[in-house]
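To start, the structure under review is shown below, and the notes come after it.
The values are calculated or read from the model by the stated rules, or taken from the named source; none is laboratory data. In this text, all values refer to a predicted model and were calculated from it rather than measured experimentally. Here Cβ is always computed from backbone atoms with ideal geometry, including for glycine, and neighbour counts include all displayed protein chains. Keep in mind that these areas ignore ligands, DNA and RNA; they rest on the heavy atoms of the full protein, side chains included. Shrake-Rupley method; radii C 1.70, N 1.55, O 1.52, S 1.80 Å.
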Amino acid sequence: MDRPIELRIPDGRMAFGDVPEHIDERLQAAVKARGVPERCEELLWEAHRLGPRVLLVYYALYKYYFNRKRFADAERVAQIGLEAAAREGGFSGDWRTLAADSTAWTAEGPQRFVLFTLKALAFINLRRDRLADARAILDKLAEIDPLDQVGYGVIAALAKGVEGE
């Protein structure tokens, strides 16, 4: 039996940028519909259609897919979200080219979204048994976010455990 989808939409504390009320309504409806996965997914994509530049929608989508163990879909949405954040923030959409001075990584908005999404991509890669890819992302996070603002250290510890097996 599948366990229920864990989908909580942050109330702004993640600071990815503004969420218009009509989009937030769809996101909150998706949370309430999590017991009906098809409806939940439909509401998330409706939120995306209404606000394709709202970064929290990408977060909700990749989290939904990750929790459904649809890792390829989660990775695809996270990659698209990174590109959207790069356009918003005015930096490269290719995470491999990012550097500590690419942007103000401690700022809220697209920068924060990139850090969270790279953390998610590292975890997705671990779940897909792609340790080298996860390690490359974690190394990039250590370079651009040495203070570990988003808690990627937890994923790094998991990766070390996998490496030690």
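Summed over region 71-118, the residues that are in a helix (DSSP H, G or I) and among the small types (Gly, Ala, Ser) give a count of 8.
How many of the residues making up region 90-126 are under 20 Å from Arg76 (Cα atoms), charged (D, E, K, R) and without any contact (Cβ under 8 Å) to a residue 60 or more places away in the chain? Result for region 90-126: 3.
On the basis of being out of contact with any His (no Cβ under 7 Å at 6 or more places or on another chain), surrounded by fewer than 21 Cβ atoms within 10 Å (Cβ to Cβ) and modelled with pLDDT of 95 or more, does Glu143 make the cut? Spelling it out, Glu143 is indeed out of contact with any His (no Cβ under 7 Å at 6 or more places or on another chain), surrounded by fewer than 21 Cβ atoms within 10 Å (Cβ to Cβ) and modelled with pLDDT of 95 or more. The set of residues in region 17-62 being surrounded by fewer than 22 Cβ atoms within 10 Å (Cβ to Cβ) and among the small types (Gly, Ala, Ser) consists of Gly17, Ala29, Ala33, Gly35, Gly51.
Search region 93-111 for residues being open to solvent by 50 Å² or more (accessible area, probe 1.4 Å) and under 18 Å from the mean Cα position of the chain (by Cα), and hand back the single one that is farthest from Asp145 (Cα to Cα). Even if it seems obvious, please write down each step before you answer.
Initial filter on region 93-111 (open to solvent by 50 Å² or more (accessible area, probe 1.4 Å)): 94, 96-97, 100-101, 104, 106, 108.
Next cut, under 18 Å from the mean Cα position of the chain (by Cα) only: 94, 96, 106, 108.
Values: Asp94: 16, Arg96: 14, Thr106: 8, Glu108: 13 Å.
For region 93-111, the residue satisfying everything is Asp94.
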